[in-house]
Structures are given as C-alpha cells and as structure tokens.
1. Give the residues of the range 79-103 that are under 26 Å from His172 (Cα atoms), surrounded by fewer than 24 Cβ atoms within 10 Å (Cβ to Cβ) and in contact (Cβ under 8 Å) with a residue 60 or more places away in the chain, sorted by residue number.
2. Of the residues in the range 228-256, how many are more than 24 Å from Gly187 (Cβ to Cβ) and not charged (D, E, K, R)?
3. Need pairs with beta-carbon distance below 7 Å; first residue under 23 Å from Trp54 (Cα atoms) and within the range 192-206, second open to solvent by 30 Å² or more (accessible area, probe 1.4 Å) and assigned to a strand (DSSP E or B); sequence gap 6+ or separate chains.
4. Taking the range 223-257 on its own, how many of its residues are assigned to a helix (DSSP H, G or I) and either out of contact with any strand residue (DSSP E or B) (no Cβ under 8 Å at 6 or more places or on another chain) or on the phi > 0 side of the Ramachandran plot (or both)?
5. Right, Ala309: among the aliphatic types (A, V, I, L, M), part of a helix (DSSP H, G or I), open to solvent by 10 Å² or more (accessible area, probe 1.4 Å) and on the phi < 0 side of the Ramachandran plot or not?
6. Name every residue in the range 119-134 that is assigned to a loop (DSSP other than H, G, I, E, B), under 16 Å from Glu68 (Cα atoms) and either among the hydrophobic types (A, V, I, L, M, F, W, C) or under 21 Å from the mean Cα position of the chain (by Cα) (or both), in order of residue number.
7. Any idea which of (1) modelled with pLDDT under 95; (2) of a type in the set (A, V, I, L, M); (3) within 14 Å of Arg115 (Cα to Cα) is the one Val69 doesn't satisfy?
8. Taking the range 224-241, which residues are buried (at least 21 other Cβ atoms within 10 Å of the Cβ) and free of Cβ contacts under 8 Å to residues at least 60 places away in the same chain?
Amino acid sequence: MRRQKLGTTDLELTAIGFGTWAIGGGGWQWAWGPQDDEASIAAIRRGLDLGINWVDCAAAYGLGHAEEVLGQAIKGRKDVILATKCGLVWDEGKPDTYGRLTAASVRAECEASLRRLGVEAIDLYQIHWPHDEAHLEEGWSTIADLVREGKVRYAGVSNFSVAQMQRIQPIHPIASLQAPYSLVARGIETELLPFCAANNVGMIAYSPMHNGLLTGKVTREWVAALPAGDWRRHHNPEFREPALSANLSLLDGLRPMAQRHENGLGEVAIAWVLRRPEVTAANVGARSPGQIEGTIGGGDLQLSDADVAEIDG
C-alpha cells in the first residue's frame, strides 16, 4: 500500500489506517453496540498483516477499553505507528464523556494511555475535541511538554476549526488534523483542507465510509436492526429519513462503478477521499477481519477524473 509523510513529521503513514472507535464496545455514550474483544484483536492483526502500519485510538473509546484491546493486539510488535487522543474524560460509573484540557488532566490521561497501550511513547497524541476552549492553550502546551519529555513523538488535533488551530500554532507545531470527510460530509473542503495545505499540516480523514453508511451493506432493514446501544440509531441523521432514501439512491448509483473496478462500495468511498492531495491518509474502522479485508483495497484504488465526475453527478 502506498505511504505518505504526515506533515513535517518523519511518520510515513499507509493510505489506510485502522480505526478503533467501534471496538470500544458497548455501555458508553457513543458506542456502536456490543463488540467481541477477540474479534477486535483478530481484526487489528489482520489489518497489520495486510500492510496497514498505523492504528488510531482514543481514551474515550469504550472509556479506556479500546486502548486496552489495542494494547493486547500489538503486544510484542515494534512496527506499528500508534495514534491516540486526549481531552475527553468521564466520571467513574457514568457513560458520558466531557471535555477537559487542564494540564493535570492531559498529563494524567497520557500516563493512563501509555499504561493501557503498553508502550513507552505515543507516536501521535491528539486533542480529541476542543470542547474545553478555556484551557485550549494550556492543554496544547502540556502536550508540547510531553513531546520534550519523550512520552509523545508528535502532537496533533482532531475536530478543530482553522481559528482554533491558529490559536495554538505559536505554541508548538501541529503535526496533523483529523477531521470527518466522506462523500456525504464534504465540509472540510472549504477552509480546513486549504489551511492544512498552506501550513504543511498532515490531514487524516476519519469516517470515510460515513460510519458504515457507504459500505454497501446498508438497507432499511439493516438500519432497523441496529442494536439499541448503537449511537447511529439516535444521533446520525444520515441513517434516518429523508436522508436515508437519498443515501440509498447514492449507493445504487455507485454500484456500477464499483463493479467496473472490481472493488466494494466502501473501497470506492475511501478512494474518493484519498483522491485529494491534501489528504495524507484515511482512518478506516473495522470490527472483524472480514471487514478490513473488504475495505483495504480502497488504499490503492485510483479513481479517474471521469470516475470523480460520475460520482459528483
């Protein structure tokens, strides 16, 4: 799989990285429903065997559980670039997360992530959400300290606006921005992609298949059968009418192109995201070995100008 350097760092990321949001399991605010840990470990290892060289996680996924599972999956391996996130915390016994970016919190979160992952340093440590705006500079300065101490190699952000990145730029270099980007979520094209290109900030696109919507498996019956604890049932309008009908029509329109390329719909969706030169890599989630096997081809699929025009049509 092709690789690209992340911003000004020395990290060479494969076009596809393994996303771990869903493997946090159930029982928390943004869960995807129940998840088998052994299936998660097998999926991560299969992704690495297929050539993926980086995995993205967050302390908030499963309230620490995804990091623990990831730590088990990569135990003994030295060839994996690890990215995780801070800034979302939770109270013991409660499923909700909230933003906190004080120096003490960021430092404690980093130490906890290092323990759960079983590593001495985190390759890319990102602020998950800038919800605690009052402590934005304080949190970023603390990550800069962690870089100097060798506990973190590079510092990045996730879900930041241009204005928020401009606030922290003078404190410490921003290695990367992680933001949602897909066929049905194109908002970053207006300001964020141009900013990243102009400032040599690496761009990691997350949810390129829009939370599973663009995988090709979605039907009205599939949506109706989502577990009660799956956040998509309640919080994602793309899985409800009137958007659902429009999205199913989009999937039907993409099928002939996927067949021509001999790829799955999800792989076409991923390739569409990766067509932009500003995008370093795409963060692709999977819950089983079969899922990552069905999307890995998107990392090398090259869409022609005619393909892109057909998709836009």
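The values are calculated or read from the model by the stated rules, or taken from the named source; none is laboratory data. Just so you know, these numbers come straight off a predicted model, no measurement behind them. Every residue, glycine as well, gets a Cβ built from its backbone with ideal geometry; the counts of neighbours run over all protein chains shown. The accessibility values were calculated without ligands, DNA or RNA, using every heavy atom of the protein model including side chains. Shrake-Rupley method; radii C 1.70, N 1.55, O 1.52, S 1.80 Å.
1. Ile81, the sole residue that qualifies.
2. Total meeting the criteria: 3.
3. Tyr206/Pro180
4. 23
5. When the stated conditions are applied, Ala309 passes them.
6. Filtering the range 119-134 for residues assigned to a loop (DSSP other than H, G, I, E, B) gives 119-121, 128-132.
Still in the list and also under 16 Å from Glu68 (Cα atoms): 119-121.
Hits for the range 119-134 are Val119, Ala121.
7. (1)
8. Phe239
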